[in-house]
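Quick notes on the structure that follows.
The values are calculated or read from the model by the stated rules, or taken from the named source; none is laboratory data. A quick note: this is a predicted structure, and the numbers were derived from the prediction, not measured. Cβ: placed from backbone, ideal geometry, glycine included. Neighbour counts: every protein chain shown. These accessible areas exclude ligands, DNA and RNA; they are computed on the full protein's heavy atoms, side chains included. Shrake-Rupley method; radii C 1.70, N 1.55, O 1.52, S 1.80 Å.
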Amino acid sequence: MKQNLNLPPLFPFKMELQELIQQLPDVFAPDAIYLCTVRKEPPSFYALHLIRSSANEFSTEVLNRLKQLVEKFPQFSIQWSTAGQVRKHLMAGELYHISQCFYAELIYLSESSKDPLAKSTIKGSTLLKKAKEKTTHDYNEVVELFSTTYDLFQKEKYDKATLKVIDIFLELFNYTETLYKGEAINVNSLSEHVKYLAALDPEFQKLFDPGNDRLTEILLFLDDIYLAGLDPKEHKIYRSKCHEIFVLGEVVFQMVYDITEGILSDCYNLELQRNPVIKPIISGENLHLPFDVALQEVVDFLRLKFKVHSIFLISKEQQSIFKNRYFQTKEFQHHTFCSTVLLVTKKPVSLNPAELMDLVFNHTKKRIKVYFIFETLPKILVKLDYGNNFLDHVLNKRNTIFQADEQLSKFLDGKPSYYPQSWQKINKRWKARISRANYILGLADVIDFKEDLLANLVLIQNALVQTCIGMLCVFWEYQPSYTSLPYLIHLCSNFCDFPEEILLNTSFESQRIYYLITHAQQHINYTCPLKVTEKDTEKAYHLCTRFIAEAENMTEHHLDYLRMKSFQRNKPLHYKSS
């Protein structure tokens, strides 16, 4: 076996690994051995996965010898499967097998074996997509348990809520053990799960530190209930204790989520190394300098016109046009920019965002188009004091373009907060908006508007407006005060691509339909310079139907994500950092 080894050149435990593999008995007869780095930070931990041709179980003697080897080399864990079993798990999106087999290093291959997993026939991007879908499904199952527990807690059924939290702990512990070892261990207490996981991950060891008397007491209390059952006479559970246990469950959920996303991220990086995505090379000067110059011009203009307190960049986009005229032997390169900014002024701005955008666009000689979100300093201070997730996302040092003083400095780089109550409000607002959008669109389909096609287009426009407002409420947790449809579509394009893909096609016909939809209210109030046909309204209706369907699908996924975040925390109650 020694001569077939292909060990990593800079592996820190190379001697130990060589000795371990040389001591693997011949009875194992592996076709291949894969090495995976589970944890780089001290204490380092690595996994060896043996691929065997036989599915027969090892004898007790062999298992004992394996146990002795693992005890002698604690840096390594040893697992084994057949190639067929691994491929089955890969196709199911099992993250353990994807990370510890598919993306692991092949360090040994028997002379009779050639690519036992047939990796050449499997696309890594497909596996990662399946892994993401499966982890999302697993997250949602845990969220359902949290939601049920929260409802019981609100109904003051603290004993039943505590039993549900125990189910959550078991679900999370089993899930994490599967991530690291491929299967959950069979033990009789939560403490044994914690002890097992603490040896695998320092974060578990840090959280459930034996020196933390309060968490140790909670864990023993839950073990008593888990092993002996809940006796109301012996275990009287009050609201405060139930809440403390519930919060600890949220902390563990956050920890398991971070571990999972970290493994997924490592797999994505390895996939990029294997199949790098070729991107066009754009020099830093061409990308940044013209934008900074144009943006500084915008800042100077705004400070002349208004009492500006601060400006924060939300997004920026660059379009470059390169012309080469061969007869004149001249080259031209022109940059245009589009950005979204939060403008904080000391007094309200008298213009609406579209009017100010036009002023800035003309002032910069049509070099930069800026979509503004207005806030006044007194109002933004009240919102920040109360708590505002949209502002927590936007206000950070990296995005700061201008600040007149330090009044907002203490609020920079804040972290958004999520709670079940806030998620319920967001979900309620979204349901109201999308229900209204579908109702309005239904009117456009049911009622005969052949005698006034513009009225039909107004309904379609309003259905799109309601959908965009609902999406902004979910993705940004922001309620726009200006509701022009082109403005809303641009804001929504900051977090998804489909609004522009559906409505802003480059063809002449698509541009015409987009113009009719976005100017429908103006046309019905005054006059329409174009002749509108039934075919136009039918196309507009189908575009709106596609838009709403795509919005519902994407928003429901994001609502699931926010719901999951509402049951995650970074610290338990009464936590003391070391």
For the range 253-267, in residue order, the Karplus 3J(HN,Hα) values (coefficients 6.51, -1.76, 1.60; θ = phi - 60°; whole Hz; Gly and Pro = x) are 4, 4, 5, 5, 4, 5, 4, 5, 5, x, 5, 4, 4, 4, 5
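Apply the Kirkwood formula to the range 94-139: the hydrodynamic radius equals the inverse of the mean of 1/r over all pairs of different alpha-carbon atoms; give it in Å with one decimal. Intermediate values should be presented prior to the final figure.
Values: mean 1/r = 0.0837 Å⁻¹.
After inverting the pairwise mean of 1/r, the radius is 12.0 Å.
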Of the accessible area of the chain, computed with a 1.4 Å probe and all protein chains kept, carbon and sulfur make up a percent value of 51 percent
Please report, in debye to the nearest 20, how large the charge dipole of the range 446-509 is about its Cα centre when each Lys and Arg carries +1 at its beta carbon and each Asp and Glu carries -1 there. 160 debye
Its Cα gyration tensor gives the range 18-104 an equivalent ellipsoid whose semi-axes in whole Å, largest first, are 20, 19, 10
Given N residues in the range 388-455, what is its alpha carbon radius of gyration divided by 2.2 N^0.38 Å? 1.92
Which pairs in the list 241/571; 383/425; 206/571; 307/415; 157/431 are over 21 Å apart, alpha-carbon to alpha-carbon? 307/415; 157/431
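By DSSP, what percent of the beta bridges with both residues in the chain are antiparallel, rounded to the nearest 5? Could you put the intermediate results ahead of the total?
On the way: 31 of 47 bridges.
Looking only at bridges with both residues in the chain, the antiparallel portion is about 65 percent.
Largest first, how would 571, 369, 428 line up by accessible area (1.4 Å probe)? If you can, show how the numbers build up before the last one.
Values: 571 125, 369 70, 428 155 Å².
From most exposed to least exposed: 428, 571, 369.
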Once Lys and Arg get +1 and Asp and Glu get -1 on their Cβ, which of 530, 475, 505 lies farthest toward the positive end of the dipole of the range 474-578? 475
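I need the calculated FRET efficiency for the pair residue 531 and residue 483, taking r as the beta carbon distance and R₀ as 30 Å, to the nearest 0.05. Intermediate results must be reported in sequence, preceding the final value.
Values: r = 28 Å, r/R0 = 0.92.
After rounding, the FRET efficiency stands at 0.60.
Report Rg(Cα)/(2.2 N^0.38 Å) for the range 412-548, keeping two decimals.
Values: Rg = 16.3 Å, N = 137, 2.2 N^0.38 = 14.3 Å.
After normalising by residue count via 2.2 N^0.38 Å, the value is 1.14.
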For the range 113-160, what are the per-bin percents of Cα-Cα distances with bins 10 Å wide, up to the bin holding the maximum? 22, 25, 20, 16, 11, 7, 0
Could you check the spin-label model distance between residue 167 and residue 358? Points 7 Å from the Cα along Cα→Cβ, value in nm. 5.9 nm
Over the chain, with the other protein chains present, what is the accessible area per residue in square angstrom, probe 1.4 angstrom? 54 Å²
Distance from a point 7 Å along Cα→Cβ of residue 417 to each backbone N in the range 365-393: keep the residues under 12 Å and list them by number. 384-389
Quote the charge dipole size of the range 31-76 about the Cα centre in Debye, to the nearest 20; the model charges only the Cβ of Lys and Arg (+1) and of Asp and Glu (-1). 140 debye
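For residue 424 and residue 125, FRET efficiency with R0 = 30 Å and r from the beta-carbon atoms, rounded to 0.05? Walk me through the numbers on the way to the answer.
On the way: r = 36 Å, r/R0 = 1.20.
Efficiency at R0 = 30 Å is approximately 0.25.
Please give me, ordered by residue number, the chymotrypsin sites (Phe, Trp or Tyr not before Pro) of the range 437-494 that lie in loop per DSSP and have at most 15 other Cβ atoms within 10 Å.
Details: sites: 439, 449, 475, 476, 478, 482, 487; in loops: 449, 476, 478, 482.
Within the range 437-494, the qualifying chymotrypsin sites (Phe, Trp or Tyr not before Pro) (loop, at most 15 other Cβ atoms within 10 Å) are 482.
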Using the Cα atoms of the chain to build a convex hull, what is its mean projected area in square nanometres? 37.5 nm²
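Taking R0 as 35 Å, what's the FRET efficiency between residue 297 and residue 521 from their Cβ-Cβ distance, rounded to 0.05?
Details: r = 33 Å, r/R0 = 0.95.
After rounding to 0.05, the efficiency reads 0.60.
Write out the trypsin sites (Lys or Arg not before Pro) in the range 512-568 meeting two conditions: DSSP loop, and at most 15 other Cβ atoms within 10 Å of their Cβ.
Working: sites: 512, 531, 535, 539, 546, 563, 565; in loops: 531.
When the trypsin sites (Lys or Arg not before Pro) of the range 512-568 are filtered for loop state and at most 15 Cβ neighbours within 10 Å, 531 remain.
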Dipole moment magnitude, nearest 20 debye, the chain about Cα centre, only Lys, Arg, Asp, Glu C-beta charged: 1580 debye
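With viscosity set to 1.306 mPa s at 10 °C, what whole-number translational diffusion coefficient in µm²/s follows for the range 334-460 from Stokes-Einstein and a Kirkwood radius over Cα pairs? Walk me through the numbers on the way to the answer.
Values: Rh = 18.4 Å.
Diffusion coefficient, whole number: 86 µm²/s.
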Ignoring everything but the protein chains, give the 1.4 Å probe accessible area of residue 13 in square angstrom, nearest 10. 50 Å²
